1. So, R0 is 30 Å and r is the distance between the beta-carbons of ILE49 and VAL407; what FRET efficiency does that work out to, to 0.05?
2. Give me the percent relative contact order of the stretch 191-349, please, defined on Cα pairs under 8 angstrom at least 6 residues apart.
3. Could you tell me how many degrees, from 0 to 90 and to the nearest 10, lie between the Cα long axis of helix 59-84 and the main elongation axis, the longest principal axis, of the Cα atoms of the chain?
4. Using only the alpha-carbon atoms, how far is helix 368-388 inclined from the longest principal axis of the chain? Give it as 0 to 90 degrees, nearest 10.
5. Between ASN192 and residues 5 or more places away or on another chain, which pairs have amide H atoms under 5 Å apart, with H built 1.01 Å from N, and which residues are they?
6. Counting Lys and Arg as +1 and Asp and Glu as -1, what is the net charge of the other residues whose Cβ lies under 15 Å from the Cβ of LEU348?
7. Before anything else, pin down the relative contact order of the chain: Cα pairs under 8 Å, at least 6 apart, normalised by residue count, whole percent.
8. To the nearest 20 debye, what charge dipole does the chain have about its Cα centre, counting +1 at the Cβ of each Lys and Arg and -1 at the Cβ of each Asp and Glu?
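The values are calculated or read from the model by the stated rules, or taken from the named source; none is laboratory data. Predicted, not measured: the structure shown is a model, and the values here were computed from it. Methodologically, a virtual Cβ is constructed for each residue, glycine included, from the backbone with ideal geometry; neighbour enumeration extends over all protein chains shown. The protein model used for the area step is the full one, side chains on, heavy atoms only, and it has no ligands, DNA or RNA in it. Shrake-Rupley method; radii C 1.70, N 1.55, O 1.52, S 1.80 Å.
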Amino acid sequence: MAEKEVPPALVAQTLGQYVRASAARVRAGDSGVLPVVGAMVAILVVFSIWSPNHVFLLPVNLVNLFQQSAVVMVLAMGEGFALVLGEIDLSVGFVGACGAAITVQLVQPVTTRWPWWAAIAAGLLFCAVFGAIQGTLITRLRLPSFIVTLGGFLIANGLFLIILAFGPFSGFPLLAANDTNVQAVYKLMWGNLDPTVSWIGAAVVVAGLGGFMWWADHRRRTSGLVAPPASLTYIKVGLIAVVAVVVVAISNTNRANIGVLAGVPWVIPIVLVVLAAWTILLERTKYGRYVYAIGGNPEAARRAGINLSVVRTIAFMLCSVTAGVAMLLYASLLGGMSNNVQGGQYVLYAVAAAVIGGTSLMGGRGKALHGILGGLVIGGINNGMNLQGLRFELQYIVTGLVLLAAVAIDALSRRGASSGSVTRV
């Protein structure tokens, strides 16, 4: 019996039906996250064999890989708001850098002495206002997002240099200052949870997420709605538990040559909080449904009564705020801010990571998780090539080829979907 093209988790009533429906969707061109998962496996295998003495798989390198990839992952999650709408935001690199520079400037112990939380809030507020202004220009004046955000890129670059001129940014102030507020910002990337706390936190996350998934499916069943098979939910929770155990086990390994350095880095729960917040917003709220509706068919969304201007403006604001979080992690990674920030390169990496992860450039399809997956692919490529001592130009070429492959898969997927293929169960 032919069914409409809906997610297999909603069509299938048993695990076997789900597997058959998923296989049918893959044959029709909708491969989902399989390509990026395959790319991640290939990266692990190739670089674990290729790297000297299997350095790539050592705990210290795997933790460093995630820390180095965190900036791109969070930027990609923010860029996803624009891409799902079928738009693009080229300004995120320097808008986020402005927010991070404001935070670093305000926590200076000798001059401004702001509490770390207030300094972070001020930096993110700047990003929110900047994003809202760009979104308003795009929606109210109907200007192309490419042009508006390109102008925003240049404006934010100039503002960033002006902000740098106000403070002692010649060195690494987050490293030099022995101050509670300064160190709080520095530890966003370099701080670690206690190993015992890491295990407790992982158990809480797995239990909480598993309970939420079970409760959501149970509520659908009791309401008479279609819900995925219970066995599928158990498998998903099991996979999440396995990932959590592996991450904590790797992080709790002593990574120091001298002394002890163990525990989950703070940056991991920070990235997970961003992932959870934007996943819930996009997939569990009315606003998220509006974003997907506009990205899929703006005219149909408008006729359905959706306020396109408000939804789009909020999306660009969220994109900029998320960029502020990402570049704050960048400031923590480097121990400060300087005019060497490669804002343009980070924009390209953000778009590439989102698309590689599975977000469509055509709009209407994408998840926050796609930014995580794509960011890990880009981070894995760069990390593995750095271990080999390969030149940066080769890293750019390989990353570009991976991006082209992701775009080709997306185009083939949409071509298959438009050809009238159906899912059978």
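1. Calculated value: 0.60.
2. Relative contact order here is 19 percent.
3. On a 0 to 90 degree scale, this one is about 60.
4. With both axes taken from Cα atoms, the answer is about 60 degrees.
5. TRP266
6. -3
7. 37
8. 1100
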